[in-house]
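Please treat every number below as a calculation from the coordinates, not as lab data. Everything numeric here is computed off the predicted structure, so don't read it as measured data. A quick note on method: Cβ atoms are made from the backbone with ideal geometry, for glycine too, and the neighbour counts reach across all protein chains shown.
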Amino acid sequence: MGQLGRSRFWLFAAIAVGTSFAVLDSLAQSYPVKPIHMVAGQAPGGSTDVTARIVAQKLSEHLGGPVVVENRTGAAGSIAAEKVAASPADGYTLLVLVFAAAVVGSGAGPARNWAAI
């Protein structure tokens with residue numbers, strides 16, 4: 001490796017290290033900066049609602065920010081799914097459904113970009 005090759009190597013290494021620090025700094029930004037909404041597709045007091053509230057409490061303790069459970073009942077969870085599908089894909093709105101409702105679905109079905117967490 002000649003002098004020019006070494007210079008390029010160290011230049012690229014410096015850029016890579018600098019970029020890594022910039023990425024790590026952006027990952028270290030606080031989350032959440034606003035309340036997280038968990039939208040449950042079943043009635044308040046049911047097993048899905050109770051599970052959502054337990055998870056919301058633990059998630060709130062872990063993240064150090066508020067997690068709100070909102071019930072949107074009707075149409076086997078499709079109303080809740082439509083609300084979440086219409087919200088921004090920023091990680092602050094989560095959908096909580098029983099598996100059967102997620103499979104049956106309606107217009108908010110597999111054609112949408114859903115991501116399980």
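Computed packing ranks the peptides 88-94, 33-39 as 33-39, 88-94, most packed first, by mean other Cβ atoms within 10 Å.
The gain in end-to-end length when the residue 53 to residue 73 segment is fully stretched comes to 5.6 nm, 0.36 nm per residue minus the alpha carbon separation.
Remark: the residue 33-residue 89 segment gains 18.7 nm on full extension, using 0.36 nm per residue and subtracting the alpha carbon distance. Once backbone amide H atoms are built at 1.01 Å from N, residue 95 has 39 as its partners under 5 Å, excluding neighbours fewer than 5 places away on the same chain. The phi-based Karplus calculation (6.51 cos²θ - 1.76 cosθ + 1.60; θ = phi - 60°) puts the 3J(HN,Hα) values of region 32-39 at x, 9, 8, x, 8, 10, 9, 9 Hz, whole numbers, x for Gly and Pro.
Once you sort the root eigenvalues of the Cα gyration tensor of region 36-104 as a ≥ b ≥ c, which label holds: rounded (a/c under 1.5), prolate (a/b larger than b/c) or oblate (the other case)?
Verdict is oblate for region 36-104.
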